[in-house]
Amino acid sequence: MTDRYAVFGNPIGHSKSPRIHSLFAAQTGQDISYQAIVAEREGFAAAISAFIAAGDGPARGANVTVPFKEEAFRLATQRTPRAEAAGAVNTLTFDAGAISGDNTDGAGLIRDLTHNLGCDPAGRRILLLGAGGAARGVILPLLLENPAELVIANRNEETAARLALEFADSFARLPGCALSVKPDGASFPGLGGRQFDLVINATSAGLSGAVLPLPTSVFAARCLAYEMVYGRATPFMQQAREAGARVTDGLGMLVEQAAEAFFIWRGVRPHTAPVLAALSGK
Ligand code: ATR
């Protein structure tokens, strides 16, 4: 019997996850099915239960996207430390009544940076824009790479300061990490005069086409500007390009977080380069 997987979100129509996972499955010879399921805004838990109960083969796992990652966190009966740090879950594994929750977003970003983009975060000055769920999910994985500094800047400066403080505390408690950098919070105007080697946009501004009030000086020479949104040219990407930065969108992160989920479920790590090439039409 074929093991079943699905991605849950609302909306979910344009999700690339079914294509990504079927390419992974074909490449690794795994017999799985993977579908996209739209859940009602108030019906996430019910949709998961229905998915587990129904179907021809056993339900083994699910990916979770906007707006259900926090609810998936609560639904999980056990969670990994990185899911705890993110406060959100994007990967569920079903096993004999237990629901394990993990978050592969941060690992996906780090792997895209290091393996696909040749940008090792170690020793770099990193600016993270945004203080919502997308930002929260990548803070601990970035800190664990030992950057020279990590500044979290947000439109609402107070939220950035709170998030930085929270991670400074939790990071300090992790064994072996005592000597590493603690994140700082900042406002956009407060970034004037500062420079960064890696600028990551984790705000949702790109989705509405909003321009971030970023001083152009934040992009240091040979800076990589990383837009977490994919599939569209955002004002942030335009700003960064004009400032001379190397620019990328979040398609690599999407494929890499999926590969990490596939590895959790199937115990094999698929090659991402051909899948990334297929998705970007190269
Ligand atoms: P997500 O889970 O995708 O991170 P979210 O929790 O709603 O979504 O957070 C959205 C982030 O984008 C926030 O950091 C938000 O800034 P505020 O905390 O000040 O609201 C940021 N954001 C959204 N639209 C923005 C805009 N037009 N300019 C600047 N920041 C914006």
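Of the DSSP beta bridges with both residues in the chain, give the percent that are antiparallel, rounding to the nearest 5.
20
Report the trypsin sites (Lys or Arg not before Pro) located in the range 17-82 that are in a DSSP loop and have at most 16 other Cβ atoms inside 10 Å of their Cβ, or state none.
41
If you roll a 1.4 Å probe over the chain with all protein chains in place, what percent of the accessible area is carbon or sulfur?
Percent of accessible area from carbon and sulfur atoms in the chain: 52.
What's the FRET efficiency of residue 264 with residue 74 using the Cβ-Cβ distance as r and R₀ = 22 Å, to the nearest 0.05?
FRET efficiency, residue 264 to residue 74: 0.65.
What number results when the radius of gyration of the range 106-249, computed over Cα atoms, is divided by 2.2 N^0.38 Å?
So the range 106-249 has a normalised radius of gyration of 0.96.
Provide the FRET efficiency to the nearest 0.05 for the residue 114-residue 53 pair, computing r from the beta carbons and using R0 = 51 Å.
Efficiency, from the Cβ-Cβ distance: 0.80.
If you find the alpha carbon centre of the range 233-282 and of the range 33-108, how far apart are they in angstrom?
The range 233-282 and the range 33-108 have Cα centres separated by 22 Å.
Cα-based Rg (one decimal) and Dmax (whole number) for the range 1-136, in Å?
Answer for the range 1-136, Rg first and Dmax second: 15.9, 50 Å.
Could you check how many percent of all C-alpha pairs in the range 228-282 are farther apart than 13 Å?
Value for the range 228-282: 65 percent of Cα pairs lie more than 13 Å apart.
Of the residues 170, 204, 187, which exhibits the maximal mean-square fluctuation in a Gaussian network model of the chain defined by a 10 Å Cα contact cut-off?
170
Tally the DSSP beta bridges in the range 53-141 and give the antiparallel ones as a percent, rounded to 5.
Around 80 percent antiparallel, to the nearest 5.
Give me the log10 of I(q) over I(0) for the chain at q = 0.07, 0.10, 0.11 Å⁻¹, as the Debye formula computes it from C-alpha points; what are the numbers?
-0.25, -0.52, -0.63
Which order do 216, 234 take by accessible area at a 1.4 Å probe, largest first?
Largest to smallest exposure gives the sequence 216, 234.
With +1 assigned to the C-beta of every Lys and Arg and -1 to the C-beta of every Asp and Glu, and no other charges, what is the dipole magnitude of the range 106-249 about the Cα centre in debye, to the nearest 20?
100
Multiply the residue gap between residue 28 and residue 162 by 0.36 nm, knock off their C-alpha separation, and tell me the result in nm, one decimal place.
43.9 nm
By Kyte-Doolittle mean hydropathy of at least -0.5 and Cα axial length of at least 24 Å, which whole DSSP H helices of the chain are selected?
157-173
Go ahead and run the numbers for FRET between residue 2 and residue 280, Cβ-Cβ distance against an R0 of 25 Å, rounding to 0.05.
0.30
Rounded to the nearest whole Å², what accessible area per residue is found for the chain with the 1.4 Å probe?
Normalised by residue count, the accessible surface of the chain is 45 Å².
Taking springs between alpha-carbon atoms closer than 10 angstrom, which of 98, 220, 148 fluctuates most in the Gaussian network model of the chain?
98
Relative to the present Cα-Cα distance, how much length would full extension add between residue 242 and residue 195 at 0.36 nm per residue of separation?
15.4 nm
The values are calculated or read from the model by the stated rules, or taken from the named source; none is laboratory data. Keep in mind the model is a prediction, meaning the values are calculated, not measured. Every residue, glycine as well, gets a Cβ built from its backbone with ideal geometry; the counts of neighbours run over all protein chains shown. Surface areas here come from the heavy atoms of the whole protein model, side chains and all, with no ligands, DNA or RNA. Shrake-Rupley method; radii C 1.70, N 1.55, O 1.52, S 1.80 Å.
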